[in-house]
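Undergrad: Below you'll find the structure I mean.
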Amino acid sequence: MNGDSNKPIGHQYALAMLDGGEEQVRSLARHAGSQVTMDAFLRVQDEEPVPAFLHSALCAMSLPTKRPKDETQPILREDGKYALAINPRPVLQTVDGKPVLRSLGVPYGAYPRVALIYLLSQAVTKRSRDVYLGRNFTEWMRRLGYQTVSYGPRGTANRMREQVDRLLACEWQIRWDGTEADDNAFAVRDVKISNEYAGSLEKNGAFAREIRMSEVFYSHLIEHAVPLNEVAIRELKGTPTALDLYTYLAYRLPRISSGKGQTISWDQLARHLGNEADSKRFRQTVRETMQLVSAVYPNANVDLSGRKVVLNPSPAPLERKLVGPHLRLLGAAPAETAPRSSVAAKAGTPSGSRKREGEGTEPLLEFPSGSLSFGTREAAFRKIGVDRGHPWSVDKMADAFRAGFPGIERKRSEAEWLRVWEAFVVSYVKRRSESEGA
């Protein structure tokens with residue numbers, strides 16, 4: 001491990017895992033005094049990745065990390081080809097029995113980030129503008145990873161509700177001037193994430209069970225969705241800067257094709273992350289935050305040690321292998337360029353002709369149609385459903401997978417189908433179990 005002590009702790013854990021497995025990771029964590037990051041690393045390594053999504057513009061430009069001095073003013077973000085405006089429009093409320101228009105303010109902190117990722121992930125995964133939240137607010141928050149849900153004045157439920165109300169009351173303007181051949185320019189003006197939202201915070205009571213996303217925002221989300229790992233989001237959910245750094249790197253690093261990487265200034269990174277701290281404090285915060293981010297995204301190859309930030313080509317967060325020159329290259333090298341989204345194939349590329357990492361000449365197939373209870377090929381899928389999906393019906397899970405998995409019509413290798421099917425089954429059982437237990 002000599003020479004590795006200056007690497008982020010997640011990179012050191014990855015090298016320890018490659019050298020000696022979990023015991024060596026634990027030994028390193030005891031020496032470094034990093035129990036929190038070790039737990040996050042091991043949980044992400046133990047669980048199958050669960051796809052989550054965020055609009056690329058929101059990966060590149062973030063919400064405020066803290067309450068702004070004037071929270072009724074629009075958020076304006078601009079950096080190069082990106083521009084974002086989030087305008088907190090007034091909403092109609094009843095005060096002392098009279099209707100009044102009142103601005104709720106802009107969303108800030110970790111809660112709206114986690115809620116936004118959930119809402120957009122559900123829309124992309126289910127290919128629907130209608131996002132079902134759950135039977136009550138407690139159930140929904142538990143699905144987001146908050147195991148303790150409190151309803152006091154400063155309770156988690158109250159704070160989440162306030163931020164979701166702010167988030168959904170805002171109007172958004174997004175401008176993206178594409179410069180690459182496959183990077184389409186677009187502008188979305190005066191768009192609300194949701195057209196319909198209403199609810200209450202009654203303990204274990206009814207609230208807005210379903211949110212209907214605006215059609216314009218939804219259509220651009222489908223085109224510009226960036227894949228994330230839901231397991232990692234759960235580990236970062238309490239720290240807005242960690243969520244911002246993770247989503248920015250997840251968007252940016254897989255799209256870098258230059259072997260030398262790309263260099264940006266610390267001021268540019270601050271604009272991306274929406275952090276208004278002074279430069280010295282911002283650098284210290286990001287370097288400290290990278291320790292946790294590297295634990296859930298060890299493949300992220302970024303150098304934060306110098307006067308500039310160096311971004312290097314890296315696999316997307318859903319890649320389970322520990323790869324890259326900052327770790328060790330295992331198996332085939334990652335593709336030189338990454339797709340703009342895992343939701344849809346590039347136009348003009350036949351779905352059956354693409355070759356993915358590690359597939360070699362393995363034939364590309366469709367997901368099995370019909371019942372998984374019969375058939376030779378279906379046996380492997382059936383075994384995963386029985387072993388990992390008990391007590392739920394394998395065929396019902398398969399129907400849900402066909403209805404909700406993005407790119408279900410695309411052909412893939414058998415190994416890839418089995419991998420994504422197993423990840424779906426694990427997620428399905430978890431969600432159903434939480435729903436039944438709420």
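The values are calculated or read from the model by the stated rules, or taken from the named source; none is laboratory data. Note that the structure is predicted; figures quoted are calculated from it, not measured. A quick note on method: Cβ atoms are made from the backbone with ideal geometry, for glycine too, and the neighbour counts reach across all protein chains shown.
Undergrad: With (1) more than 30 Å from residue 17 (Cβ to Cβ); (2) at pLDDT 85 or above; (3) not aliphatic (A, V, I, L, M) as the list, and residue 383 as the residue in question, which single condition is left unmet?
TA: So the condition that residue 383 fails would be (1).
Undergrad: Kindly evaluate residue 92 against the criterion of being of a type in the set (A, V, I, L, M, F, W, C), touching a strand residue (DSSP E or B) at 6+ places or on another chain (Cβ under 7 Å), under 22 Å from residue 213 (Cα atoms) and surrounded by fewer than 15 Cβ atoms within 10 Å (Cβ to Cβ). Write out each step before concluding.
TA: Working: of a type in the set (A, V, I, L, M, F, W, C): yes; touching a strand residue (DSSP E or B) at 6+ places or on another chain (Cβ under 7 Å): yes; under 22 Å from residue 213 (Cα atoms): yes; surrounded by fewer than 15 Cβ atoms within 10 Å (Cβ to Cβ): yes.
When the stated conditions are applied, residue 92 passes them.
Undergrad: What are the residues in region 40-81 that are over 17 Å from residue 229 (Cβ atoms), touching a helix residue (DSSP H, G or I) at 6+ places or on another chain (Cβ under 8 Å) and buried (at least 17 other Cβ atoms within 10 Å of the Cβ), if any?
TA: 60, 61, 62, 63, 65, 77
Undergrad: For residues in region 172-183 being under 22 Å from the mean Cα position of the chain (by Cα) and surrounded by fewer than 18 Cβ atoms within 10 Å (Cβ to Cβ), which is modelled with the lowest pLDDT? If you could, list the steps in order and put the result at the bottom.
TA: If we filter region 172-183 for residues that are under 22 Å from the mean Cα position of the chain (by Cα), which is where we start, we get 172-176, 183.
Next cut, surrounded by fewer than 18 Cβ atoms within 10 Å (Cβ to Cβ) only: 173, 175, 183.
Details: 173: 79, 175: 75, 183: 49.
Filtering first and then ranking leaves 183.
Undergrad: If the requirement is being in contact with a Lys or Arg (Cβ under 8 Å, 6 or more places away or on another chain) and among the basic types (Lys, Arg), which of these qualifies: 102, 129? Lay out the reasoning, then the answer.
TA: On the way: 102 fails: in contact with a Lys or Arg (Cβ under 8 Å, 6 or more places away or on another chain).
Exactly one residue qualifies, and that residue is 129.
Undergrad: Give the residue, chosen from 219, 294, 214, that is buried (at least 16 other Cβ atoms within 10 Å of the Cβ), assigned by TED's automatic domain parsing to the domain that holds residue 131 and at negative phi.
TA: Numbers: 219 fails: buried (at least 16 other Cβ atoms within 10 Å of the Cβ); 294 fails: assigned by TED's automatic domain parsing to the domain that holds residue 131.
Testing whether each residue is buried (at least 16 other Cβ atoms within 10 Å of the Cβ), assigned by TED's automatic domain parsing to the domain that holds residue 131 and at negative phi leaves just 214.
Undergrad: Could you tell me whether residue 34 is among the hydroxyl-bearing types (Ser, Thr, Tyr), more than 18 Å from the chain's Cα centre (by Cα) and modelled with pLDDT under 90?
TA: Working: among the hydroxyl-bearing types (Ser, Thr, Tyr): yes; more than 18 Å from the chain's Cα centre (by Cα): yes; modelled with pLDDT under 90: yes.
When the stated conditions are applied, residue 34 passes them.
Undergrad: So, one more: With the structure loaded, tell me whether residue 164 is over 25 Å from residue 229 (Cα atoms) and either under 21 Å from the mean Cα position of the chain (by Cα) or modelled with pLDDT of 85 or more (or both) or whether it fails that test.
TA: Values: over 25 Å from residue 229 (Cα atoms): no; either under 21 Å from the mean Cα position of the chain (by Cα) or modelled with pLDDT of 85 or more (or both): yes.
No, not satisfied.
Undergrad: Would you tally the residues in region 401-425 being buried (at least 17 other Cβ atoms within 10 Å of the Cβ) and in a helix (DSSP H, G or I)?
TA: Of the residues in that region, 10 qualify.
Undergrad: Of everything in region 118-156 that's among the small types (Gly, Ala, Ser) and under 12 Å from residue 434 (Cα atoms), which residue is surrounded by the fewest Cβ atoms within 10 Å (Cβ to Cβ)? Write out each step before concluding.
TA: Let us first name the residues in region 118-156 that are among the small types (Gly, Ala, Ser), namely 121, 123, 128, 134, 145, 150, 152, 155.
Imposing the further condition that a residue be under 12 Å from residue 434 (Cα atoms) reduces the set to 134, 145.
Values: 134: 20, 145: 16.
In this case the residue turns out to be 145.
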